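Mind having a look at this structure? Questions to follow.
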Amino acid sequence: MPDQSVPGTGVSEQGLTRPLERDLEQMLRHVVLAHATAERRRRYPAILHVGDPRTRELVFPLTERIDDALGADIVAAMRSRVPRPRPAVWLTRPGDLTLQDIDAQWLRSARRAYAEAGVPLVYVVANRHGWFDPRTGLRREWRRLRDRAG
């Protein structure tokens, strides 16, 4: 399989690493901000997102467990429908930013879909307070995240 790393961006086959490209860092901040402002319930289902929350994203509510092959097909279909050159994949869910079964399941599916497409994968898990990459452990958390625009 060819190396899918993108030099200078913080994106590699193994996951996200510092330093992150400024645009990627801003996009991940927006992932958390959008989730924190949109989801006010204490209990809610996990949601798979593909795209960029600042422009266009597709969402898939995760209400039941599915196998990795079907998951890869879902991720591939979502990825093909967003216009961003490098659409990200993120999972929003309640709970702490620690690896859970659902994170690993969708990471396997996303890895497969992106490998088949031959493009680098940006995959994070987000809650209301931050994000983390389950592959490298890279994370960013905020105590009180505010919208810089106003």
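Within the range 27-43, which residues are free of Cβ contacts under 8 Å to residues at least 60 places away in the same chain and surrounded by 13 or more Cβ atoms within 10 Å (Cβ to Cβ)?
Of all residues in the range 27-43, those free of Cβ contacts under 8 Å to residues at least 60 places away in the same chain come to 30, 34, 38, 40-43.
Passing the criteria: HIS30, ALA34.
Among ARG86, ARG18, which is modelled with pLDDT under 95 and exposed (fewer than 15 other Cβ atoms within 10 Å of the Cβ)? Before the answer, list the steps.
Numbers: ARG86 fails: exposed (fewer than 15 other Cβ atoms within 10 Å of the Cβ).
Going through ARG86, ARG18 in turn, just one is modelled with pLDDT under 95 and exposed (fewer than 15 other Cβ atoms within 10 Å of the Cβ): ARG18.
Under 6 Å between Cβ atoms, which residue pairs at least 6 apart in sequence (or on different chains) link something in the range 79-101 that is under 16 Å from TYR114 (Cα atoms) with a partner that is at pLDDT below 95 and in a helix (DSSP H, G or I)?
none
I need a count of the residues in the range 93-121 that are closer than 22 Å to ARG140 by Cβ and exposed (fewer than 15 other Cβ atoms within 10 Å of the Cβ).
Of the residues in that region, 6 qualify.
The values are calculated or read from the model by the stated rules, or taken from the named source; none is laboratory data. Everything numeric here is computed off the predicted structure, so don't read it as measured data. Note that we place each Cβ from the backbone using ideal geometry, even for glycine, and neighbour counts take in every protein chain shown.
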